[in-house]
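Colleague: Pasting a structure here, questions to come.
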Amino acid sequence: MEHAFKNAQVVTEDDVFLGSVLVRDGKIVAVDRGAGGVGEDLEGDVLMPGVIDLHTDNLEKHFFPRPNIDWNPVSAAVTHDGCCLSVGVTTVFDSLSIGSFNPAVARNHDNMIRLVDGVLAARNAGMLKGDHRLHWRCETPADDLPDRLEQLAGHALTSLFSLMDHTPGQRQYRNLEKHLANWSANGMSDQAIDTRMAEIRDRQSRNAVKHRKLVANIARDGRTPLASHDDEDAAHIDEAADLGATVAEFPVTVEAAQRARERGMVVVMGGPNLIRGGSYSGNVPAADLARADLLDAFASDYVPRSLIECAFALTDQRFGWGLARAVALVTAGPARAAQLDDRGAIAPGLRADLIRVRMAGGLPVTRGVWVEGARAA
């Protein structure tokens, strides 16, 4: 199968130019300068690589659309796939938690198995147009983490692990007073808060260190990339890097991001952090890391649409980035983090995962999506 695009603003890893792209059998075979004489006319719109999302919680929203209502997991996967494609995300790392100190209904173990098996069933039946993978977020203080990992880590879609510790008073929740105030506002008594904190700290002291090593060993044995989540300082980064982590996901301070760069890790921040103007937890803004040149990639976290907006937001006068450099944060950067060397750029030999984008009302609008050269949205 062959398809050509002409008259496009082609975004490569280091340049943007009026050009044409030829696709054959799912791969890019030629990229040329000049409007071109044959192919689908993109009318001067941007043609960029498909977005790669390393971390999205969006799948669970479709599995549990309302409290106490679970949807057919295959159907949920199909709906989620369509949502991602509509905003240009062609490679999706569905991020799911294993273990938690305060488990939500959607993260019930039986539901988790149903959900991931539903994604696999949808893929195997040809119902998904995007490339879906699993990112296991491993809550290291959790007592049940080893048993859950034994059942889930070897899933056919497993492609990324991350080390997490949401114990209040450090990392994402380092502002303990603010965090406990939220509990109080939700109706917890001082005694209940003290009891809960004692239980959480006990689990962390018993489990976190040994479980971090367990996850790291599983990732190494499976040759699966490992990320460290919400690192606060250089010591956190060094511990993670020594365990084999190559990705620093959502560092909460400039110090942690700087140390991650020094250790050769890919620094990933949340798209909503940039678009909203800061972290909802009060941690370092993604904008600060962008200005300090300490940012390598974005992940959507909880808003898939945020990624395409990030790519174009960085080109405005607040940052002054060129479009090629900005687009790389949602394409080539995530590809490097996930160790996917077959996508993330418009270049001969790579997968023809492509999106057509036009600005409207100050926002990027996706006007076409192709996955391995086939129209997907």
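Colleague: Got a sec? Which of I237, I200, I218 is surrounded by fewer than 18 Cβ atoms within 10 Å (Cβ to Cβ) and of a type outside the set (F, W, Y)?
Modeller: Unique residue meeting the criteria: I200.
Colleague: Return the residues of the range 284-301 that are part of a helix (DSSP H, G or I), open to solvent by 10 Å² or more (accessible area, probe 1.4 Å) and not charged (D, E, K, R); say none if nothing qualifies.
Modeller: Listed by number, the list holds a single entry, A287.
Colleague: With (1) farther than 23 Å from G333 by Cα; (2) hydrophobic (A, V, I, L, M, F, W, C); (3) crowded, with 19+ Cβ neighbours inside 10 Å as the list, and M48 as the residue in question, which single condition is left unmet?
Modeller: Unmet condition: (1).
Colleague: Also: On the basis of being under 29 Å from D94 (Cα atoms), touching a residue at least 60 places away in the same chain (Cβ under 8 Å) and either crowded, with 20+ Cβ neighbours inside 10 Å or not β-branched (V, I, T) (or both), does R123 make the cut?
Modeller: no
Colleague: Assess whether A324 counts as being open to solvent by less than 30 Å² (accessible area, probe 1.4 Å), part of a helix (DSSP H, G or I), in contact with a helix residue (DSSP H, G or I) (Cβ under 9 Å, 6 or more places away or on another chain) and modelled with pLDDT of 95 or more.
Modeller: Against the criterion (open to solvent by less than 30 Å² (accessible area, probe 1.4 Å), part of a helix (DSSP H, G or I), in contact with a helix residue (DSSP H, G or I) (Cβ under 9 Å, 6 or more places away or on another chain) and modelled with pLDDT of 95 or more), A324 does not qualify.
Colleague: Just a yes or no: is a residue in the range 181-193 open to solvent by less than 70 Å² (accessible area, probe 1.4 Å), part of a helix (DSSP H, G or I) and either in contact (Cβ under 8 Å) with a residue 24 or more places away in the chain or within 23 Å of S159 (Cβ to Cβ) (or both)?
Modeller: no
Colleague: Quick one: D81 ticks every box in (1) in contact with a Ser or Thr (Cβ under 8 Å, 6 or more places away or on another chain); (2) not in a strand (DSSP E or B) bar one, so which box is it?
Modeller: All conditions pass for D81, except number (1).
Colleague: Also: In the range 1-31, how many residues are closer than 24 Å to L329 by Cβ and either of a type in the set (K, R) or not in a strand (DSSP E or B) (or both)?
Modeller: Looking only at that region, the number is 5.
Colleague: What do you reckon, is K178 in contact (Cβ under 8 Å) with a residue 12 or more places away in the chain, part of a helix (DSSP H, G or I) and in contact with a Gly (Cβ under 8 Å, 6 or more places away or on another chain)? Spell out how you get there, then give the answer.
Modeller: Details: in contact (Cβ under 8 Å) with a residue 12 or more places away in the chain: yes; part of a helix (DSSP H, G or I): yes; in contact with a Gly (Cβ under 8 Å, 6 or more places away or on another chain): yes.
The answer is yes for K178.
Colleague: Give the residues of the range 105-114 that are in a helix (DSSP H, G or I), at pLDDT below 90 and either crowded, with 16+ Cβ neighbours inside 10 Å or not β-branched (V, I, T) (or both), sorted by residue number.
Modeller: If the condition is that a residue be in a helix (DSSP H, G or I), at pLDDT below 90 and either crowded, with 16+ Cβ neighbours inside 10 Å or not β-branched (V, I, T) (or both), then A106, R107, H109, D110, N111, M112 are the ones that fit.
Colleague: Filter the range 194-205 down to the residues that are at pLDDT below 80 and either more than 31 Å from the chain's Cα centre (by Cα) or not in a helix (DSSP H, G or I) (or both) and list them by number.
Modeller: Within the range 194-205, D194 is the sole residue that qualifies.
Colleague: Looking at R367, is it in contact (Cβ under 8 Å) with a residue 24 or more places away in the chain and surrounded by fewer than 16 Cβ atoms within 10 Å (Cβ to Cβ)?
Modeller: Numbers: in contact (Cβ under 8 Å) with a residue 24 or more places away in the chain: yes; surrounded by fewer than 16 Cβ atoms within 10 Å (Cβ to Cβ): no.
It is false that R367 is in contact (Cβ under 8 Å) with a residue 24 or more places away in the chain and surrounded by fewer than 16 Cβ atoms within 10 Å (Cβ to Cβ).
Colleague: All but one of (1) out of contact with any Cys (no Cβ under 6 Å at 6 or more places or on another chain); (2) in a loop (DSSP other than H, G, I, E, B) hold for P304, so report the exception by its number.
Modeller: (1)
Condition check ((1) in contact with a Cys (Cβ under 9 Å, 6 or more places away or on another chain); (2) free of Cβ contacts under 8 Å to residues at least 40 places away in the same chain; (3) closer than 30 Å to A326 by Cα; (4) aromatic (F, W, Y)) across all residues:
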site	(1), (2), (3), (4)
I28	no, no, yes, no
E40	no, yes, yes, no
V46	no, no, yes, no
T56	yes, no, yes, no
N68	no, yes, no, no
I113	no, yes, no, no
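Colleague: If you scan the range 115-147, which residues turn out to be part of a loop (DSSP other than H, G, I, E, B), over 30 Å from E199 (Cβ atoms) and charged (D, E, K, R)?
Modeller: The answer is K129, and nothing else.
Colleague: Since A35 meets every condition but one in (1) part of a loop (DSSP other than H, G, I, E, B); (2) within 30 Å of S95 (Cβ to Cβ), which condition does it not meet?
Modeller: Result: A35 passes all but (2).
Colleague: May I ask you to say which residue of N58, N102 is in contact with a Pro (Cβ under 8 Å, 6 or more places away or on another chain) and either modelled with pLDDT of 95 or more or open to solvent by 10 Å² or more (accessible area, probe 1.4 Å) (or both)?
Modeller: Being in contact with a Pro (Cβ under 8 Å, 6 or more places away or on another chain) and either modelled with pLDDT of 95 or more or open to solvent by 10 Å² or more (accessible area, probe 1.4 Å) (or both) holds for just one of N58, N102, which is N58.
Colleague: Taking the stated definitions as given, is V29 open to solvent by 30 Å² or more (accessible area, probe 1.4 Å) and modelled with pLDDT of 95 or more?
Modeller: Criteria met by V29.
The values are calculated or read from the model by the stated rules, or taken from the named source; none is laboratory data. These figures come from a predicted structure and were not determined experimentally. All Cβ positions, even for glycine, are placed from backbone atoms using ideal geometry, and neighbour counts span all protein chains on display. Calculation scope for accessible area: heavy atoms of the full protein, side chains included, ligands and nucleic acids excluded. Shrake-Rupley method; radii C 1.70, N 1.55, O 1.52, S 1.80 Å.
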